[in-house]
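Trainee: Starting off with a structure, shown below.
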Amino acid sequence: MNTYRKYCPNVFLAECEEEHAKDDVITLTTKYDKENEHIVHNLIAKKNDKYYYSITRLDGFNSQERAKNKAEKLEGYALSAEKRSNEWIDKSSEGRDFLSLGEPIKVGHHSERKHRALIDRNNHRMSKAMEESKKAKEYKNRIAYWENKATDINLSMPESIEYYKYQLEKAKNHHKGLKDGSIKREHSYSLTYAKKAVNEMQKKYDIAIKLWG
């Protein structure tokens, strides 16, 4: 059975018991026994009689699609929470005309119980409305995160080669400018951080080449 094996952040390889050729279509099984078809790209390693390949989904589904779906799902949750909040607000208007008169609770009067119960019901409803409104805001905050993720390029995508090649050149030029003085150093560690950025981009670019080159 072919299954998934994590290689690095965002990247899962196909762990196979048999050897495959580039562009073969294979089926992988998740730990939940769900099956997905993938296209084989490069052999990354062979270990303990198992083969490890870089893969992409045959249906084109990737981390960007996953993030987009997550954002859309959260949008639905936010709309539902806002709807519930508005419904509770509407319910909290029970007895509005009477309460707007500002009549004090008549202690000992036969109306006291109904008056207090009405206020308690409306306070509870407003509390529920605020609770649902808070949920809606939290969902919207999470939507922003997943919308940004939906535009990310990462190592799980073949196009990451060009992306990290560009980022590597950009980091090298920035480091070179700091080194030769054509770019002003903001602080004493500017050159150190710039070199670290170059090393990180070089590492990602090398991984992208190994996966998809």
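Trainee: Tell me which residues, restricted to segment 130-174, are of a type in the set (Lys, Arg) and under 30 Å from Glu87 (Cα atoms).
Mentor: Lys134, Lys135, Lys137, Lys140, Arg142
Trainee: Right, here's the next one. For Met201, are the conditions met, namely being surrounded by 17 or more Cβ atoms within 10 Å (Cβ to Cβ) and part of a loop (DSSP other than H, G, I, E, B)?
Mentor: no
Trainee: If I filter segment 119-153 down to residues being over 27 Å from Thr56 (Cα atoms) and of a type in the set (Asp, Glu), which single residue comes out as surrounded by the most Cβ atoms within 10 Å (Cβ to Cβ)?
Mentor: Glu132
Trainee: Answer yes or no as to whether Lys46 is modelled with pLDDT of 95 or more and of a type outside the set (Gly, Ala, Ser).
Mentor: Answer is yes for this residue.
Trainee: May I ask you to list pairs of residues, at least six apart or on different chains, whose Cβ atoms are under 9 Å apart, with the first in segment 68-82 being assigned by TED's automatic domain parsing to the domain that holds Lys128 and touching a residue at least 40 places away in the same chain (Cβ under 8 Å) and the second being of a type in the set (Asp, Glu) and crowded, with 17+ Cβ neighbours inside 10 Å?
Mentor: Pairs found: Ala81/Glu132; Glu82/Glu132.
Trainee: Do we have any residue at all in segment 154-166 that's surrounded by fewer than 16 Cβ atoms within 10 Å (Cβ to Cβ), assigned to a helix (DSSP H, G or I) and touching a residue at least 24 places away in the same chain (Cβ under 8 Å)?
Mentor: Taking every residue of segment 154-166 in turn, at least one turns out to be surrounded by fewer than 16 Cβ atoms within 10 Å (Cβ to Cβ), assigned to a helix (DSSP H, G or I) and touching a residue at least 24 places away in the same chain (Cβ under 8 Å).
Trainee: For segment 49-81, which positions are modelled with pLDDT of 95 or more and hydroxyl-bearing (Ser, Thr, Tyr)?
Mentor: Tyr51, Tyr52, Tyr53, Ser54, Thr56, Tyr77, Ser80
Trainee: Between a first residue in segment 191-213 that is outside the structural domain of Glu169 (by TED's automatic domain parsing) and polar (S, T, N, Q) and a second residue that is buried (at least 18 other Cβ atoms within 10 Å of the Cβ) and outside any helix (DSSP H, G or I), which pairs have beta carbons less than 8 Å apart while being 6 or more apart in sequence or on different chains?
Mentor: Hits for this filter: zero, empty list.
The values are calculated or read from the model by the stated rules, or taken from the named source; none is laboratory data. What you see is a predicted model, and the numbers here were worked out from it, not measured in a lab. Heads up, the Cβs are rebuilt from the backbone with ideal geometry, glycines too, and the neighbour counts pull from every protein chain shown.
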